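The values are calculated or read from the model by the stated rules, or taken from the named source; none is laboratory data. This one's a predicted model, so the numbers in the text were calculated from it and none came from an experiment. Heads up, the Cβs are rebuilt from the backbone with ideal geometry, glycines too, and the neighbour counts pull from every protein chain shown. Keep in mind that these areas ignore ligands, DNA and RNA; they rest on the heavy atoms of the full protein, side chains included. Shrake-Rupley method; radii C 1.70, N 1.55, O 1.52, S 1.80 Å.
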Amino acid sequence: MDLVQKVRDYAERELRPAALRTDREGVTARRIAELRDLGLLNHRSPTEYGGLAVDSATDRQIHEIIAGGCLNTWLVWAQHAVLAGRLAGLAGSGRPLPGLGRRVLSGEALLGAGVSDVRSFPRRYIEAIRTDDGWIFDGTISWVSGWGLHTALAVSAVEKDTETVVTALVEPGAGLRVGAPLDLAAVTGSRTERVILDRIPIPDRHVISRQSLEQTRFDDLATASDARAHHFGLAATVLRELAETPDPLVQAVATTWEPRVARLRETAYALADEAAAAGGGRHRLEERLATKTASGEALATLTRALVVARAGRGLAGDDTAQLHARSALFVLVQGQSPDVRRTQLAELAR
């Protein structure tokens, strides 16, 4: 059985039936162990690290399936998967990796992400201060999903005088601590916390990259500006639940929207691939932003339809309609850049 089918079977057997409970109780260490057993902690790693070296199309399918099964699980796993893919790229370029990085590539270690605050520089960011043999990281990471499950975090900090972005692996034992509690209304089972780094020393051997702030923002355009696989995984789940409803009017919503979502998916992936082939950056950026905005609006419409179809039950905590509706709201603002916000608001003002 190929990997995609194994993941699909797992999502149907484990993720989807437990999605409401996971939202209430949180992603567990057992869940992470199950993903590891499937090979999903290093599915993009080179084979010399025991990885599966899957291509980007297969990776997208896996993201869709896991997000469609349980968005909380997807969020914790995706933070790791993206960073593990980045480490795999470094390994492929011949760059030496810290021992912890090699453990990530072999699927032994789960990474968390503390990289998004760079977007807010200079208003809010993690500061990197150079020392004789490394760095000091100081500040508060706004969002860390999967807290308590990680072996380490990948943290991006900015040396303000040179506007250099330093990304390093930081182990929880280094003195990280949770800040003020986050009272989230969506992805409540993702174990997302604010995490404080109080002048944490970072040895040079734990640094995985150094690059300019300008280059970091250039690279981030692909992450922030494109509609991605989890949008379409969540949409597929909502369409499925609409189609399975006995009411013909509800089924008609699914019938109407299935081809629309399929076109959005095809356009989003084609634009993202074309932009990557062209070197990234602002290539066809307005079209990519418009597609991402349309994907978010489609999710908002579909989840609203499911709430309407379920009537009062759709507001109950034990109904998937409100779970999916809250998940759609999360997707609207996740990784939101100023460009994305501008496009979203311009569309809503029409």
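Some notes on this structure:
- Dipole magnitude for the chain: computed about the Cα centre from +1 point charges on Lys and Arg Cβ and -1 point charges on Asp and Glu Cβ, it is near 380 debye.
- Calculated mean residue ellipticity, 222 nm, the chain: -16500 deg cm²/dmol, from DSSP H runs (n ≥ 4) at -39500 (n - 2.57) each, averaged per residue and rounded to 500.
- Over segment 170-254, the reciprocal of the mean inverse Cα-Cα separation, the Kirkwood hydrodynamic radius, stands at 17.9 Å.
- Span from the segment 210-246 Cα centroid across to the segment 319-348 one, whole angstrom: 10 Å
- Computed across the chain, the Kirkwood radius stands at 20.9 Å (inverse of mean 1/r, all Cα pairs).
- Simple label model, 7 Å out from Cα along Cβ direction - R124 to Q251, nm: 4.7 nm
- Among A91, A180, A29, the residue with the largest mean-square fluctuation in a Gaussian network model of the chain, with springs joining Cα atoms closer than 10 Å, is A180.
- Max mean-square fluctuation residue, GNM over the chain, Cα-Cα springs under 10 Å, options I62, I126, I196: I196
- Estimated from the Cβ-Cβ distance and a Förster radius of 30 angstrom, the FRET efficiency linking K160 and R205 is about 0.80.
- Local net charge near A109, Cβ-Cβ under 13 Å (Lys/Arg +1, Asp/Glu -1): +1
- Given charges at Cβ of Lys, Arg, Asp, Glu: the chain dipole, positive-most of I65, P46, I136: I65
- Fraction of the pair-distance distribution of segment 1-133 above 28 Å, Cα-Cα pairs, percent: 24 percent
- With all protein chains modelled, accessible area of S145 [1.4 Å, Å²]: 10 Å²
- Max mean-square fluctuation residue, GNM over the chain, Cα-Cα springs under 10 Å, options D226, D132, D204: D132
- Projecting the Cα atoms of T216, L111, L234 onto the dipole axis of the chain, where Lys and Arg carry +1 and Asp and Glu carry -1 at the beta carbon, places L234 farthest toward the positive end.
- A cut-off under 13 angstrom between Cβ atoms defines the neighbours of L182, and their net charge, with Lys, Arg +1 and Asp, Glu -1, is 0.
- Candidates per trypsin sites (Lys or Arg not before Pro) in segment 28-127, loop by DSSP, up to 13 other Cβ within 10 Å: R123, R124
- Charging the Cβ of each Asp and Glu at -1 and of each Lys and Arg at +1, and nothing else, the dipole of segment 220-350 about its Cα centre rounds to 240 debye.
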